[in-house]
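Working notes for the structure below.
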Amino acid sequence: MPKGIAIITWNNDTGAILVAKYPKNLKITTKLLTNIYANHRMNTTGPNFASLTLINTKIISFFSGIDDNQVVIPNYIIALLLRRNEKPLKFKEILKKGAAQILSNLQKENYEKIFENLFAEMTKIN
């Protein structure tokens, strides 16, 4: 079963920032946020998917891009945190769909229900 979902952005003064997470008790360190963000920015400034494997966690995430090459809103990452034994690519389609919904509702801060629905769909993936 997946661990959770996170929205991450970047601030030049403070670095990676956790905007929101689901479930609320999901533990995410500043170091992990920075690793996820850096994983995207090492490749391109355009929108992209990336995966990351750590000791106890796998992550698949979508970066919305920056400047003129962006999806919905610039400089945001939607990350799905998975257990070590899960295959991140199985979650790519659900991430694509969920990221579009979350980014479209981000400025209205209307993503809580989307988190719940996305997480419920994630738990159905084998």
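The values are calculated or read from the model by the stated rules, or taken from the named source; none is laboratory data. In this text, all values refer to a predicted model and were calculated from it rather than measured experimentally. Methodologically, a virtual Cβ is constructed for each residue, glycine included, from the backbone with ideal geometry; neighbour enumeration extends over all protein chains shown.
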All-but-one check, GLY98 against (1) over 10 Å from the mean Cα position of the chain (by Cα); (2) of a type outside the set (S, T, N, Q); (3) more than 24 Å from GLY15 (Cα to Cα), failing number (1)
Please determine whether any residue of region 22-44 is of a type in the set (D, E, K, R), free of Cβ contacts under 8 Å to residues at least 12 places away in the same chain, surrounded by fewer than 17 Cβ atoms within 10 Å (Cβ to Cβ) and over 24 Å from MET1 (Cα atoms).
no
Out of all the residues in region 6-16, which are surrounded by 15 or more Cβ atoms within 10 Å (Cβ to Cβ) and either over 12 Å from the mean Cα position of the chain (by Cα) or modelled with pLDDT under 90 (or both)?
TRP10, ALA16
Screening THR29, THR45, THR123, THR34 for residues that are among the hydroxyl-bearing types (Ser, Thr, Tyr) and touching an Asp or Glu at 6+ places or on another chain (Cβ under 9 Å) leaves only THR45
Collect the residues in region 1-32 that are in contact with a Phe, Trp or Tyr (Cβ under 9 Å, 6 or more places away or on another chain), closer than 21 Å to LYS96 by Cα and not hydroxyl-bearing (Ser, Thr, Tyr), keeping them in residue-number order.
PRO2, GLY4, ILE5, ALA6, ILE7, ILE8, TRP10, VAL19, ALA20, LYS21, PRO23
Determine whether THR53 is more than 17 Å from LEU18 (Cα to Cα), in contact with a strand residue (DSSP E or B) (Cβ under 6 Å, 6 or more places away or on another chain), surrounded by fewer than 17 Cβ atoms within 10 Å (Cβ to Cβ) and polar (S, T, N, Q).
no
Index of the failed condition, GLY65 passing every other in (1) over 26 Å from ASN85 (Cα atoms); (2) at pLDDT 90 or above; (3) small (Gly, Ala, Ser):
(2)
Quick check on region 72-97: of everything there that is of a type in the set (A, V, I, L, M, F, W, C) and closer than 16 Å to VAL19 by Cβ, which residue is surrounded by the most Cβ atoms within 10 Å (Cβ to Cβ)?
ALA79
Looking at LYS58, LYS108 in this structure, which one is basic (Lys, Arg), within 17 Å of ILE8 (Cα to Cα) and buried (at least 17 other Cβ atoms within 10 Å of the Cβ)?
LYS58
